[in-house]
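Peer 1: Submitted below is the structure of interest, expressed as structure tokens.
The values are calculated or read from the model by the stated rules, or taken from the named source; none is laboratory data. Only a predicted model underlies this, so the values are computations on that prediction, with no experimental measurement involved. Glycine also receives a Cβ, built like all others from the backbone with ideal geometry; neighbour counts cover every protein chain displayed. Calculation scope for accessible area: heavy atoms of the full protein, side chains included, ligands and nucleic acids excluded. Shrake-Rupley method; radii C 1.70, N 1.55, O 1.52, S 1.80 Å.
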Amino acid sequence: MTVTDSELPVSSAEESAESAVSPSRLSVADVLTLGNAVCGFASVYFITTRVLVPYLSDGPGQGAGEVRQAGATAVMLMLLASLFDLCDGLVARKFRSSGMGAELDNLSDLISFGLAPAYFVVVWGLVSGTDYPGLVVLAGLAVLLAGLLRLARFSCTTMQDGMFQGMPIPFAALTVVSVVLLQLPFVATLLAVLGVAWLMVSRVEYPKPTGKLAVATIVWGTANIGCLVVWATGVAGGETLMVTGCTLQVLVAAVLPLFAGARRLNAVRQRRAA
């Protein structure tokens, strides 16, 4: 027989009420989520003030070193936002979050992994002096809308077996900026960015970063931040480290669905064998 709160003794009911997290009170996980949003906003700020405004004021002759540092800072902030996003989920599962935790998470993700990378793509197209700015804007818009749809679908879809349907938006954002930083030919960059946008809204499965994979994700993000710091400061070998990190990011984005598919196929075989 179940017991409702009204049937509990007064002391037990009070303890139950105190243990519930108020929807209007921020939890530790919510504070980490807000850190995610702050990083996304700061990334947009650096792209605007250190790349876009100097380009509009001084033209293509602005210092390459300053642009490199600003771009690296913007990407580092997106990486830091992804670490906040990962950690807030781990903390929420461990210590609970408030009733508005899920909404805060989606809104913060839209800023850091929807708006920021889309804006990064558009500013890259402008600063690189492309002859097709309209296509660049469409690519940035595709990233933003795909991220929005990805977050909306995530909120109303239940996936099992520790899998995501579609590329997770933090991972997609970092893949998009990695493609841009690789400075591939214009058409290749455009197609790759559109490909990432499609993967976000596709039914391609990606594993959730839990357990050892979560630890590996944190190590990976921290290592990438270190590579970007070396590149931004102009240290010898920094360019090679940055290119290596971005290339590995794109390769992992392409290969992870294969592992997820193999895992699901193996699970189906085991069920049939049983």
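Peer 1: Which of 29, 79, 200 sits closest to the plus end of the dipole of the chain, meaning its Cα is farthest towards the positive end, when Lys and Arg get +1 and Asp and Glu get -1 on the C-beta?
Peer 2: Sorting the options by dipole projection puts first 200.
Peer 1: Something else: What size of dipole, in debye to the nearest 20, comes out for segment 93-208 about its Cα centre when the only charges are +1 on Lys and Arg C-beta atoms and -1 on Asp and Glu C-beta atoms? The partial results should precede the final answer.
Peer 2: Values: 7 positive and 6 negative charges, 72 e Å.
So the magnitude is around 340 debye.
Peer 1: So, one more: How large is the dipole of the chain about the Cα centre if only Lys and Arg carry +1 and Asp and Glu carry -1, each at its Cβ, rounded to the nearest 20 debye?
Peer 2: On the way: 16 positive and 17 negative charges, 221 e Å.
For the chain, the charge dipole is close to 1060 debye.
Peer 1: Further, regarding this structure: Using only Cα atoms, what is the ratio of the radius of gyration of segment 119-188 to 2.2 N^0.38 Å? Please list the in-between numbers first.
Peer 2: Values: Rg = 14.4 Å, N = 70, 2.2 N^0.38 = 11.1 Å.
Dividing the Cα radius of gyration by 2.2 N^0.38 Å gives 1.30.
Peer 1: Residues of segment 177-214 with amide nitrogen under 18 Å from the 7 Å Cα-to-Cβ point of residue 268?
Peer 2: 203-207
Peer 1: Taking N as the number of residues in segment 196-274, what value does Rg over Cα atoms divided by 2.2 N^0.38 Å take? Please list the in-between numbers first.
Peer 2: Numbers: Rg = 16.8 Å, N = 79, 2.2 N^0.38 = 11.6 Å.
Here the Cα radius of gyration is 1.46 times the empirical estimate.
Peer 1: Just want the answer: with Cβ charges of +1 for Lys and Arg and -1 for Asp and Glu, which residue in 152, 186, 266 is farthest toward the dipole's positive end in the chain?
Peer 2: Selected residue: 266.
Peer 1: Still on this structure, I have one more. List the extent of the Cα atoms of the chain along each of their three principal axes, largest first, rounded to whole Å.
Peer 2: That gives 75, 49, 36 Å along the principal axes, largest extent first.
Peer 1: With a probe of 1.4 Å, find how much accessible area the chain has per residue, and write the answer as a whole number in Å².
Peer 2: Value for the chain: 54 Å² per residue.
Peer 1: Provide 94, 212 ordered by accessible surface of protein heavy atoms (probe 1.4 Å), highest first. Let's see the in-between values first.
Peer 2: Working: 94 150, 212 180 Å².
My answer, sorted largest first, is 212, 94.
Peer 1: With every atom except the alpha carbons ignored, what do you get for Rg and Dmax of segment 37-122, in angstroms?
Peer 2: 15.6, 52
Peer 1: Treating only the Cβ atoms of Lys and Arg (+1) and Asp and Glu (-1) as charged, compute the dipole magnitude of segment 29-147 about its Cα centre; round to the nearest 20 debye.
Peer 2: Values: 5 positive and 9 negative charges, 44 e Å.
Roughly 220 debye for segment 29-147.
Peer 1: Could you sort 199, 191, 79 by their accessible area in this structure, using a 1.4 Å probe and putting the largest first? Display every interim value, and only then the final one.
Peer 2: On the way: 199 35, 191 110, 79 10 Å².
Sorted by accessible area, descending: 191, 199, 79.
Peer 1: Can you give the Kirkwood hydrodynamic radius for segment 116-248, in Å, rounded to one decimal and based on Cα pairs? Write out the running numbers ahead of the final one.
Peer 2: Working: mean 1/r = 0.0630 Å⁻¹.
Answer for segment 116-248: a Kirkwood hydrodynamic radius of 15.9 Å.
Peer 1: Please report the carbon-and-sulfur percent of the accessible area for the chain; probe 1.4 Å, protein heavy atoms only, DNA, RNA and ligands left out. If you can, show how the numbers build up before the last one.
Peer 2: Details: 10040 of 14790 Å².
Result for the chain: 68 percent of the exposed heavy-atom area is carbon or sulfur.
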